[in-house]
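We did not get these values from a lab; they are worked out from the coordinates using the rules stated. Remember, predicted model here, so these are calculated numbers, not experimental data. Here Cβ is always computed from backbone atoms with ideal geometry, including for glycine, and neighbour counts include all displayed protein chains.
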Amino acid sequence: MKKTTDRGFVVSLHHDASPDTLHVNLKWQGDHDISAFDLDGLGQVLHCENETENTGWAVIKPSHLVNPGDAVPLQKGAEIVNLQRYQSISREGISLVVLYESQMRR
């Protein structure tokens, strides 16, 4: 079976402290950061963090019904950012990676 590296999957959902927010746990394969995924497709993202190399979570105000097993695709261009992140780390150091990613989000 081929590994799916172009999307993450909702593993679990939990109501957050606020009644209109959800804590969404995601899992993926491949060299990605949680911010590489199109979390806005789930709703308004209030916060997100990586937990491990292939897991992370987000607190969202959902725009529609979100279920465990839902696929969350990579943002357009995320594969390019990941490739350039790797190249920057290996050549220039991590500070350039942070600068590059913040410029890409504008």
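Placing +1 at every Lys and Arg Cβ and -1 at every Asp and Glu Cβ, with all other atoms neutral, what dipole size does region 1-75 have around its Cα centre, in debye to the nearest 20? It would help to have the intermediate numbers written out before the result.
Numbers: 5 positive and 11 negative charges, 56 e Å.
Roughly 280 debye, rounded to the nearest 20.
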Query raised in the report: Spin-label point model (7 Å from Cα, Cβ direction): what's the HIS64 to GLN29 distance in nm?
Result: 2.6 nm
Query raised in the report: Using modelled amide H (1.01 Å from N, peptide plane; none on Pro or chain starts), what sits under 5 Å from the amide H of PHE37, excluding residues fewer than 5 places away?
Result: GLN75
Report summary line: With HIS64 itself left out, Lys, Arg at +1 and Asp, Glu at -1 over residues whose Cβ is under 14 Å from its Cβ give -3
Query raised in the report: For a paramagnetic label modelled at 7 Å from the Cα of PHE9 toward its Cβ, which residues of region 25-67 fall within the zone defined by backbone nitrogen distances under 11 Å?
Result: 27-29
